[in-house]
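Q: One structure follows; several queries about it will come next.
The values are calculated or read from the model by the stated rules, or taken from the named source; none is laboratory data. Just so it is clear, the structure is predicted and the values come from calculations on it, not from any experiment. Cβ placement follows ideal geometry from the backbone for every residue including glycine, while neighbour counts extend to all protein chains displayed. Accessible surface areas use protein heavy atoms only, side chains included; no ligands, DNA or RNA. Shrake-Rupley method; radii C 1.70, N 1.55, O 1.52, S 1.80 Å.
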Amino acid sequence: MASHANVQKFKIALCQLMVTSDKERNINHARVRIEDAAAKGAKLVVLPEIWNCPLSLENLSKYAENIDAEEAPSISMLSEVAAQQNITIIGGSIPEKTNGRLFNTCCVLGPDGKIKAKHRKLHLFDVDIIGDITFRESDILMAGGEPTVVDTDVGRIGIGICHDIRFPELAMLYRLRDVGLICYPGAFNLSTGQLLWEMMQRSRAADNQLFVATCSPAREPNTMSDYIIWGHSTLVGPFGDIIATTGHQMATVLGEIDYSIIQTRRENLPLEIQRRADIYELVDVQEKLAG
C-alpha cells in the first residue's frame with residue numbers, strides 16, 4: 001500500500017489561524033486550536049505557512065527561531081502538544097535563522113513530540129505584477145536544498161511550502177517515493193489565490209492520484225498590507241475531488257483521509273502503466289546519486 005500507514009483511515013485537521021504581530025499570542029492560540037482539533041478526533045493537524053508572525057518580509061528575521069539550537073518557542077509548543085495529544089503535527093512554517101541565514105521552514109512532529117523531519121521551502125516566491133503586487137522572497141530568504149518525505153503514524157507524507165505547489169515535478173517526485181499525502185502549508189495572496197490556489201491543489205492530487213492538504217493563514221479583515229491572504233485551506237482527494245474546505249476567515253476544517261481510495265483510483269485509471277517512459281521520464285537526482 002502506497003501510504004506506509006499504521007492506519008488506513010483517519011481524521012485530518014487544517015487550522016486556518018488568524019495571525020497577529022504578538023508572537024506569544026500566536027503560539028498560545030495555535031496550541032488551543034490544535035488541542036481542539038485533537039479533541040474532535042484529528043490524528044494529523046496541519047498549520048499554515050508563517051503562523052507565528054505576520055507575513056511581512058522585512059519582519060521575518062525579528063521573529064525567526066534557531067530550531068537546531070532548540071531556541072524555538074514555536075516548535076517547543078508543537079512538540080509539547082503533539083506528545084500530550086498523541087498526534088502528528090505538520091507545523092506549518094516559521095522563519096528559521098541558522099548561521100546568519102534565514103529559511104522558511106516546516107517541522108513535522110510525531111506523537112512522541114520529536115521532530116521527524118524539517119522542510120525548508122524550495123521554491124522562493126518572486127513576483128512583480130505591475131499595478132498589483134511586488135514580492136521578492138529571494139531578497140530575504142535562502143532556498144532549501146532537498147525535498148522532504150517523512151514516514152509518520154498516519155502514513156508517508158511529502159512536504160511543500162506555498163510556492164512549492166506550483167512545480168508539478170516536486171509532487172511527481174513524491175509520487176515516485178510512494179507518498180499517500182502531500183501537505184502544503186501556504187499563504188497565496190488575493191491575486192494568485194483566486195486564480196490558482198484551488199486549481200493547483202486539485203491538479204497535484206489528480207495528476208499523482210494521492211491526497212493533497214493545504215493550510216493557509218486566515219485573512220486579516222482590516223489589513224493595510226499589500227499582501228492580502230487568500231485563505232481557503234483545503235483537503236483534496238486522489239481524483240481531484242474537494243473533500244473539505246473553508247473560506248478566508250479563521251476556521252478549523254476537518255476531513256477524512258482513506259488511503260484505500262488511492263488504490264481504487266489507480267486501478268480505475270492506471271496512469272502508472274500508461275505513462276510513456278520511452279518518451280519522457282522524471283529523474284530522481286538524489287536517488288540516482290545514492291545509487
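Q: Given the structure, is D207 touching a Pro at 6+ places or on another chain (Cβ under 8 Å) and either without any contact (Cβ under 8 Å) to a residue 60 or more places away in the chain or farther than 20 Å from G92 by Cα (or both)? Give the steps one after another, and end with the answer.
A: Details: touching a Pro at 6+ places or on another chain (Cβ under 8 Å): yes; either without any contact (Cβ under 8 Å) to a residue 60 or more places away in the chain or farther than 20 Å from G92 by Cα (or both): yes.
When the stated conditions are applied, D207 passes them.
Q: Here are A206, A213: which of them is of a type outside the set (K, R) and either surrounded by fewer than 18 Cβ atoms within 10 Å (Cβ to Cβ) or part of a helix (DSSP H, G or I) (or both)? Before the answer, list the steps.
A: Values: A213 fails: either surrounded by fewer than 18 Cβ atoms within 10 Å (Cβ to Cβ) or part of a helix (DSSP H, G or I) (or both).
Step by step, each of A206, A213 is checked, and only A206 is of a type outside the set (K, R) and either surrounded by fewer than 18 Cβ atoms within 10 Å (Cβ to Cβ) or part of a helix (DSSP H, G or I) (or both).
Q: Filtering region 39-52 down to residues that are open to solvent by less than 20 Å² (accessible area, probe 1.4 Å) and outside any strand (DSSP E or B), which residue is nearest to L109 (Cα to Cα)? Walk me through how you get there before you give the answer.
A: Filtering region 39-52 down to residues open to solvent by less than 20 Å² (accessible area, probe 1.4 Å) leaves 42, 44-52.
Retained after the next criterion (residues that are outside any strand (DSSP E or B)): 47-52.
Working: L47: 12, P48: 15, E49: 16, I50: 17, W51: 16, N52: 17 Å.
Once the filter is applied, the top-ranked residue is L47.
Q: Let me ask something additional. Only one of S21, S3 is polar (S, T, N, Q), open to solvent by less than 10 Å² (accessible area, probe 1.4 Å) and at pLDDT below 95. Can you tell me which? Outline the logic, then answer.
A: On the way: S21 fails: open to solvent by less than 10 Å² (accessible area, probe 1.4 Å).
Testing whether each residue is polar (S, T, N, Q), open to solvent by less than 10 Å² (accessible area, probe 1.4 Å) and at pLDDT below 95 leaves just S3.
Q: Does P221 fit the bill of being outside any strand (DSSP E or B) and farther than 30 Å from E137 by Cα? Quick ask: steps written out before the conclusion?
A: Details: outside any strand (DSSP E or B): yes; farther than 30 Å from E137 by Cα: no.
Here the answer is no, as P221 does not meet what is asked.
Q: Quick test of your reading of the structure: V150 fulfils all but one of (1) in contact (Cβ under 8 Å) with a residue 24 or more places away in the chain; (2) open to solvent by 10 Å² or more (accessible area, probe 1.4 Å). Name the failing condition by number.
A: (2)
Q: Taking S93 as meeting all but one of (1) among the hydroxyl-bearing types (S, T, Y); (2) touching a His at 6+ places or on another chain (Cβ under 9 Å); (3) open to solvent by 60 Å² or more (accessible area, probe 1.4 Å), write down the number of the exception.
A: (3)
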